[in-house]
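Undergrad: One structure coming up, written as structure tokens, with questions to follow.
The values are calculated or read from the model by the stated rules, or taken from the named source; none is laboratory data. Because the structure is predicted, anything quoted here is derived from the model rather than measured. Here the Cβ is made from the backbone with ideal geometry for all residues, glycine too, and neighbour counts use every protein chain on show. To get the accessible areas, we keep the full protein, side chains included, count just its heavy atoms, and leave off ligands, DNA and RNA. Shrake-Rupley method; radii C 1.70, N 1.55, O 1.52, S 1.80 Å.
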Amino acid sequence: CRETIKAANDLMKETASMLTRKEFLLGLLSCSATALAPAVHAQTNAKTLVVYYSWSGNTRQLANAIAKELDTYIYEIEVKKPYPDQYSETLDLVREQMRKGQLPEIVEDGPDFSEFSTILLGSPIWCGHASRPVMAFLEKYDLSGKVILPFATHGGGGISHYVDDIRTKYPQADIRSSFSSRGSSFSAEQVCDWLKRNKLLQ
């Protein structure tokens, strides 16, 4: 909006006798608000959203690659209390949370998910299932009736029960074929092929 603000300044100089200070400031405020609007508002026409949680960064890399190919908005699930940096400690905590049926608190700062008809949902695989933050996301938001494409990163065990976790929560959702990668060992070609199979790319 920098060019628009410059134009507004020029306009003020040319029409200072015609505008009150209040009228000009209201116009400038409107322009600034447009410039600072979240990118999601520019992307809602696509109706496609990439949502993910990442602990080590692998799922983030995959999510970014997917969003880049689709040229669409991306949203990261964040926990209020981060998991430990050490994998063994995180795994111990995850097992305890699963045993007790506990889910972490997640930051609720996302867009209006009802505006999107297709959700690409990414997670690391923990103990054969969706990560606890992604499970918390599924509990918090209703994705029933949407098209959902699961994607995941793992340490060698494959996507395991992740798709079943989503299907159990949203039996009415249209869950399409999934994509998984061992760590960050995926290629752009593999991502494109997956998106094409699900008719999200030509």
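Undergrad: Can you name the number of the only condition in (1) modelled with pLDDT under 95; (2) open to solvent by 60 Å² or more (accessible area, probe 1.4 Å); (3) of a type outside the set (Lys, Arg); (4) within 30 Å of Gln190 (Cα to Cα) that Trp55 fails?
TA: (1)
Undergrad: Can you tell me how many residues within segment 64-116 are more than 15 Å from Tyr141 (Cβ to Cβ), aromatic (Phe, Trp, Tyr) and either at pLDDT 95 or above or surrounded by fewer than 12 Cβ atoms within 10 Å (Cβ to Cβ) (or both)?
TA: Here the count works out to 1.
Undergrad: Residue by residue through segment 143-164, note down the ones that are under 18 Å from the mean Cα position of the chain (by Cα) and either of a type in the set (D, E, K, R) or closer than 15 Å to Ser123 by Cβ (or both).
TA: Leu143, Lys146, Ile148, Leu149, Pro150, Phe151, Ala152, Thr153, Tyr162, Val163, listed by residue number.
Undergrad: Another question, then. Report the residue count in segment 46-75 for those that are in a helix (DSSP H, G or I) and over 17 Å from Thr90 (Cβ atoms).
TA: 11
Undergrad: Residues that are in contact with a Ser or Thr (Cβ under 8 Å, 6 or more places away or on another chain) and either more than 19 Å from Arg60 (Cα to Cα) or open to solvent by 50 Å² or more (accessible area, probe 1.4 Å) (or both): does segment 157-169 have at least one? Working first, answer last.
TA: Within segment 157-169, the first condition is being in contact with a Ser or Thr (Cβ under 8 Å, 6 or more places away or on another chain), and the residues that meet it are 158-159, 162-163.
When the remaining residues are screened for being either more than 19 Å from Arg60 (Cα to Cα) or open to solvent by 50 Å² or more (accessible area, probe 1.4 Å) (or both), the result is none.
No, every residue in segment 157-169 fails to be in contact with a Ser or Thr (Cβ under 8 Å, 6 or more places away or on another chain) and either more than 19 Å from Arg60 (Cα to Cα) or open to solvent by 50 Å² or more (accessible area, probe 1.4 Å) (or both).
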